[in-house]
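Below: one structure, written as structure tokens.
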Amino acid sequence: MRINLNKIMRKDKSLLLAYDQGLEHGPSDLNERTVDPKYIFDIALEGLYDGIITQHGIAEKYYAKYYKDVPLIVKLNGKTSLANIAPISRQLCSVDRAIKLGAVAVGYTIYTGSPNEPDMFAEFSKIVEQAHDYGVPVIAWMYPRGSGIDEKNNNILAYSARVGLELGADMIKIKYNNDPEGFKWVVKCAASTKVLVAGGDKVDETALSSKVRRNNEDRCYRNGRWEEMFGNTITL
Amino acid sequence: MRINLNKIMRKDKSLLLAYDQGLEHGPSDLNERTVDPKYIFDIALEGLYDGIITQHGIAEKYYAKYYKDVPLIVKLNGKTSLANIAPISRQLCSVDRAIKLGAVAVGYTIYTGSPNEPDMFAEFSKIVEQAHDYGVPVIAWMYPRGSGIDEKNNNILAYSARVGLELGADMIKIKYNNDPEGFKWVVKCAASTKVLVAGGDKVDETALSSKVRRNNEDRCYRNGRWEEMFGNTITL
Amino acid sequence: MRINLNKIMRKDKSLLLAYDQGLEHGPSDLNERTVDPKYIFDIALEGLYDGIITQHGIAEKYYAKYYKDVPLIVKLNGKTSLANIAPISRQLCSVDRAIKLGAVAVGYTIYTGSPNEPDMFAEFSKIVEQAHDYGVPVIAWMYPRGSGIDEKNNNILAYSARVGLELGADMIKIKYNNDPEGFKWVVKCAASTKVLVAGGDKVDETALSSKVRRNNEDRCYRNGRWEEMFGNTITL
Amino acid sequence: MRINLNKIMRKDKSLLLAYDQGLEHGPSDLNERTVDPKYIFDIALEGLYDGIITQHGIAEKYYAKYYKDVPLIVKLNGKTSLANIAPISRQLCSVDRAIKLGAVAVGYTIYTGSPNEPDMFAEFSKIVEQAHDYGVPVIAWMYPRGSGIDEKNNNILAYSARVGLELGADMIKIKYNNDPEGFKWVVKCAASTKVLVAGGDKVDETALSSKVRRNNEDRCYRNGRWEEMFGNTITL
Amino acid sequence: MRINLNKIMRKDKSLLLAYDQGLEHGPSDLNERTVDPKYIFDIALEGLYDGIITQHGIAEKYYAKYYKDVPLIVKLNGKTSLANIAPISRQLCSVDRAIKLGAVAVGYTIYTGSPNEPDMFAEFSKIVEQAHDYGVPVIAWMYPRGSGIDEKNNNILAYSARVGLELGADMIKIKYNNDPEGFKWVVKCAASTKVLVAGGDKVDETALSSKVRRNNEDRCYRNGRWEEMFGNTITL
């Protein structure tokens, strides 16, 4: 089946609003306004984001009112920063449930280099098989992690990007290491898998609703010298 | 499907009688009267509790006579305090079995911060998917636990509350840390997930049957200065 | 479905003949006569026992001739004493197979306090769900075990008995600690779950066939001062 | 269903040709002739063996031509001697596949005393349930193994034989310890489970095809003073 | 069902182009040209390779245009070289998915000697069962690995080859140790399982497209003094 990326892309670019910090980092990343999912869904709507990314619990309670206007990407796995264990992020939502909740794409984090890498590879690959049976695209957060792993090293990032391709991701989200020349190789290793750049400077959420999207598109265009680069996500 | 919380709420509040101490703490928490499940079910009936919480074994043997009068919440996981292992509470009852036993809601404890957190996250999320397919609400006991985890810290409690929201809980039960200002943030992090406060002072069970409910409602109202707070549970 | 205990009880008492020593302790518990399952099945028949307890392998090869006369309880889990590992007894026979073999009840050992307690709790609870769907009662061997666990302590025994109730056992088998007053509390904690006392002095098997049953009934009656106590099993 | 042992027995004896050394010990047990499965299948045919025992891979590639003449026993688990781990032999072939390949019986090794004993017990018991549903007999290799386990001790061998009975084996293969009096007890502990003796002196394979079978039958008869003993296998 | 090897063989030889280095070794094995899967698929087409070997992700995105011209072998498991763990390569693609993607054969790596050997043996054997139900051949990468394992030792290689036969592989890929006499035994141990030799000197990829195939066939013929040897693969 043809994998349909058009629902979360415009002009071959994508600007996605990730809202999983409450789970991944804890509420210390949130404030009195951003703690409220409705506030963020409104930003996604007003800012014309190409999609919002949440865990299934938030999607289930808040997404119904935005169904027609904001594409939903359900992040299928997740973890807290509380437990002191080797990096592992387990699947918390089935592909079927994500689709029922209205998702047009699903996401999954892989910690390349972790001792738990084999478990995440296997879980991710099953997700790809299931999602692609529905024509639903899969976005892989490719995050190198583990002892002896340099998370900003070009070779490590390139390796992680390649894993995304080999394992069937339609898009990867990867952290930009501020090395434009080196990062070209990272993007090439992903080949036909789309590359979303994570991060950039932390942005005040009040700036996101109307103006930031354009600004970020600008930044995409400036970064357009990497023609293989696809788009950008904003982390609050 | 719409998740129906009305069966265990009145006036947007809920007063639940938890009766799982025999498993979680052992019979040392019980006395000659409270050791008998019938005695507690009668208190739940007379005290007009919004629900009684038990393991499947007690529900199966004792609940039939109270079916029309006391809402049942089956606690789906549980553990003893005997084994000296990292905090883990495994699922002991399927959602299907809980519903057959008459449950109008199901509960599950998550020990945030435990090395076994990933297993509990995955198990809990499947329960949410299954229960919500029936429209049955899920209550999460959000208990931070583990080495280096301060169980009364506002940030840890807020993080745990947030996990409940992100993973799809309809209500969380969380221990109040006697810091009213700090606890407001905990409640905000749960967003639309209802918050039940666990504990308070230990109450003699003879006081529970007729008078305590009103007293506890009073206490709820007094505590009503946290408008997001939903209700209260009583632990014997 | 109503759980039917009548097939292994008479006058609210039960005298069961357990024959799993060959697996649990090894053949050193057996002699030239008792090593032969047929010899023991004959004792169960002549002694009018309320049931015989065996592993599925022995039931399959020997029970057919006794089908009409001796109720069968298949012990669903088991282990040897050879392996030097933390206490764990895994399920070795499905509920379906036990019923096909003619079982009117099934048994399962839980080592409370073992690091493997969560696995046994989960496995046992599924057995309860499956067996009760057929109306077949479940007997739990509640054996506290593990480092720092006093197997004869009243509180530990009471806790273990309570676990049986909470997890859905219809009967528990528990070792009597020769403290009649303390054991009353153990029995109360089991509430409506029937309590079978394991052990007593080792009896020569030649005495079992005709006379012992009456003697043991006498002993039951003498022990009848614990009205909640239900019956007794004989260990060869 | 009746378990049919007649296909691998004659006159209540059985002489089986085991050909799994290539996996269990490595090719150092093989020579230029015996490395070829066809050579061994021909010996099994000419020597009138009551069955040949192989892994599923060899059965699939070589057994078709011998289907009518040599009974096949597929060994369902196996391991190499390369990995330095606690004794464990995992199931590598389903009962269904073994039957499709033409097996009239299936085999499985249990390392009693291994820390992995519980896993093998559980896996073996499921195999018994599945195979017996088809009326297919199950042969258990009962090999005591592990630290502190004396593999030739009569009590250990007797315990292992007993495990075979309790867990539903129709035959066990066990190593003879050259203690005829002590071994009688081993055989008694197996009760109605047939006992095959493994080993004896290593025999040159050129002697196997025509003459050895009779010799081994002779040896069986000489060993016939243990009337419970059933037969014999030859290990190359 | 007959296992059909003809689709990846010509004149009883096979020359396969493996393209999984991006996952197994990382992009450091690739250059600006070979990083692009299309470039390699074109080489496979022009070089008349008997098949190309890729992970499911690359097959899904690139194979459609080559469907009629280049046979596809999907490698079902894989791992990176990033994680510092005992050798384990988990299944990442189901047999069903591989067939949907157009595969005429599937591959799987087994690290003989690894502490994780039992898991890979079990996973591989299930794959054999599933693939052979469709008549699809299975290629096993037999790579000895682990502490104390000499990866070039004739006995270890012979043992690994034998494992491939015993576990049902239709072809094995094994590394040649440059010992022609010793390697004969390796090939004999594989018996009717076909042997593909991995490696040889690293070849510049620009030489592969038109001329190398003939050259490699030449090399095959020169190596034809091992008549049991079947073919050859080229690793870039």
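A short reminder: the numbers here are calculations on the coordinates, not readings from a lab. All of these numbers come straight from a predicted model, not from anything done at the bench. So basically every Cβ, Gly included, is an ideal-geometry build from the backbone, and we count neighbours across all protein chains shown.
For Cα pairs less than 8 Å apart in space and 6+ apart in sequence, what is the mean separation divided by the residue count of the stretch C:8-134, i.e. the relative contact order in percent?
Relative contact order of the stretch C:8-134: 21 percent.
Return the average number of partner chain Cβ atoms within 10 angstrom of each residue Cβ along peptide A:79-89.
Mean number of neighbouring Cβ atoms from other chains: 6.
With a Förster radius of 25 Å, plug the Cβ-Cβ distance of A:H25 and B:H25 into 1/(1 + (r/R0)^6) and report the FRET value to the nearest 0.05.
0.15
Pairs to check: C:K75/C:K184; C:K61/D:K7; E:K100/E:K126; A:K194/E:K68; B:K7/B:K173; C:K61/D:K79. Give those whose C-alpha atoms are more than 22 Å from each other in this structure.
C:K75/C:K184; A:K194/E:K68; C:K61/D:K79
Just need the relative contact order of the stretch D:6-222 here, percent rounded to a whole number, with Cα pairs under 8 Å and 6+ apart.
Computed over the stretch D:6-222, the figure is 16 percent.
Of all GluC sites (Glu not before Pro) in the stretch A:1-76, which ones are in loop regions per DSSP and have a Cβ with at most 14 other Cβ atoms within 10 Å?
A:E32
Roughly how far apart, in whole Å, are the Cα centres of the stretch E:132-173 and the stretch E:41-99?
19 Å
Classify the stretch D:6-222: rounded, prolate or oblate, from the alpha-carbon gyration tensor (a ≥ b ≥ c, eigenvalue square roots; a/c under 1.5 rounded; otherwise prolate if a/b is larger than b/c)?
Taking the square roots of the gyration eigenvalues as a ≥ b ≥ c, the stretch D:6-222 is rounded.
Whose amide H sits under 5 Å from the amide H of B:R90, counting only residues 5 or more places off or on another chain, with H placed in the peptide plane?
HN-HN under 5 Å from B:R90: B:G78.
Apply the Karplus curve 6.51 cos²θ - 1.76 cosθ + 1.60, θ = phi - 60°, to the phi angles in the stretch C:42-55 and return the couplings in whole Hz, x for Gly and Pro.
5, 4, 4, 6, 5, x, 6, 5, 7, x, 10, 10, 9, 5
Under a crude label model (7 Å from the Cα following the beta-carbon direction), how far is D:R33 from B:D150 in nanometres?
8.0 nm
DSSP loop GluC sites (Glu not before Pro) in the stretch A:120-162 with at most 16 other Cβ atoms within 10 Å of their Cβ, which ones?
Listed in order of number, the matching sites are A:E151.
Would you please classify the overall shape of the stretch E:9-64 from the alpha carbon gyration tensor, given that a ≥ b ≥ c denote the square roots of the eigenvalues, rounded means a/c under 1.5, and beyond that prolate means a/b larger than b/c while oblate covers the rest?
On the way: a/c = 1.77, a/b = 1.67, b/c = 1.06.
Note, shape of the stretch E:9-64 comes out prolate.
Sequence-distant or interchain residues sharing an amide H contact under 5 Å with B:I172, placed H: which?
Here B:A140, B:K194, B:V195, B:L196 satisfy the definition.
For E:I85, A:I8, A:I58, which order do you get if you count the other beta carbons within 10 Å of each Cβ and list the fewest first? Walk me through the intermediate numbers first.
On the way: E:I85 17, A:I8 26, A:I58 29.
By the 10 Å Cβ count, ascending, the order reads E:I85, A:I8, A:I58.
Using a basic spin-label model with each label point 7 Å from the Cα along Cα→Cβ, how many nm lie between E:I99 and C:D133?
Taking the two extended label points, one gets 2.9 nm.
Which chain D residue comes nearest the axis with its C-beta when you rotate D onto C, and by how many angstrom?
Measuring from each Cβ to the axis, the minimum is at D:D119, 10.
Quick check on the stretch C:1-123: take the gyration tensor over C-alpha atoms, sort the square-rooted eigenvalues as a ≥ b ≥ c, and tell me if it's rounded (a/c under 1.5), prolate or oblate.
The shape class here is oblate.
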